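The structure appears below as structure tokens.
Nothing in this text is a laboratory measurement; each read-out follows from the coordinates by a stated rule. This is a predicted model, so every value here is computed, not measured.
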Amino acid sequence: MPSRTITLGVLASGRGSNLQAILDAIAEGRLAAKVAIVVSDRSDAQAPERARAAGIPAVTVSPRAFPTRDEYDTQIAKILGDAGAEVIVLAGYMRIVTNVLLRAFPDRVINVHPSLLPAFRGLHAQRQAIEYGVKVTGCTIHFVSEEVDSGAIILQATVPILGDDTETTLSERILEEEHRLLPQALQLYAEGRLTIQGRRVLITPNAHVLH
Ligand code: GRF
């Protein structure tokens, strides 16, 4: 199925390995996308450095400069819009996004979460899974809705929890799946194969596979 090149805006608060997975997938021709801008809320984030190394503009906007979350997100939405971003990826973005951002990019904000949603929402999802005692967890790529970690699910992958897993070892194993799945989900978007129907995301089969 032909894909058009989608223009991404990436929000990241930390190390930026999911941003790197997107950049690598683009460079390797697995993802028909262009990253227009990377925005971070933290001055110590590594994501902006990764962006600049790939020749992509990056800015850090401190939430402390804004009296309310809405005002912060108004500024973020403006920066993303001015850069021409069409789809917004929350790649390790540790802030809860407001309706201001969601309304600016309706059904076009995508998040990666390190559990099989709806289990283990929120922070430390990997630790929550270990402590609960589940034997299988994973990661979820989903559209972002107003309620945290609750939007329509695009793709999921499972990851086993081993007896000697720590939060760190499990997080690393899940991260490998995040890096595989996130570019895949964005490529499905680029191919126009995702349709949100109520809670569900329908994925149109690839015409080439059908023949
Ligand atoms: C990932 O585990 C992601 O699922 C979570 O935060 C982490 C970000 O990692 N939301 P990175 O900054 O992309 O390396």
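What are the ³J(HN,Hα) values, in whole Hz, obtained from phi via the Karplus relation 6.51 cos²θ - 1.76 cosθ + 1.60 with θ = phi - 60°, for each residue of the range 106-117 in sequence order, with x given for Gly and Pro?
Calculated HN-Hα couplings, in order: x, 6, 9, 10, 10, 10, 10, 10, x, 7, 8, 5 Hz.
Just check the range 128-180 against the gyration tensor rule for me: Cα atoms, a ≥ b ≥ c as the square roots of the eigenvalues, rounded for a/c under 1.5, and otherwise prolate or oblate depending on whether a/b exceeds b/c.
Since a/c reaches 1.5 and a/b is larger than b/c, the shape of the range 128-180 is classed as prolate.
What are the residues whose amide H is under 5 Å from the amide H of I154, where those residues sit 5 or more places off or on another chain and H is modelled from the backbone?
Long-range HN contacts for I154: I141, H142, F143.
Would you mind estimating how fast the range 81-211 diffuses translationally, via Stokes-Einstein at 10 °C and 1.306 mPa s with the Kirkwood radius over Cα pairs, in µm²/s?
My calculation gives 102 µm²/s for D.
Considering amide H positions built from the backbone, and no H for Pro or chain starts, which residues 5 or more places from L116, or on another chain, come under 5 Å of its amide H?
G138
What are the residues whose amide H is under 5 Å from the amide H of I37, where those residues sit 5 or more places off or on another chain and H is modelled from the backbone?
V10
Please compute the contact order of the chain in relative form: average sequence separation of alpha-carbon pairs under 8 Å and at least six residues apart, divided by the residue count, as a percent.
Dividing the mean separation by the residue count of the chain yields 21 percent.
Can you tell me the length gained on complete extension of the stretch V134 to R95, counting 0.36 nm per residue apart and subtracting the Cα distance?
That works out to 11.4 nm of additional length.
Rounded, prolate or oblate, given the Cα gyration tensor of the range 97-172, with a/c below 1.5 counting as rounded?
Judged from the Cα gyration tensor, the range 97-172 comes out prolate (a/c at least 1.5, a/b above b/c).
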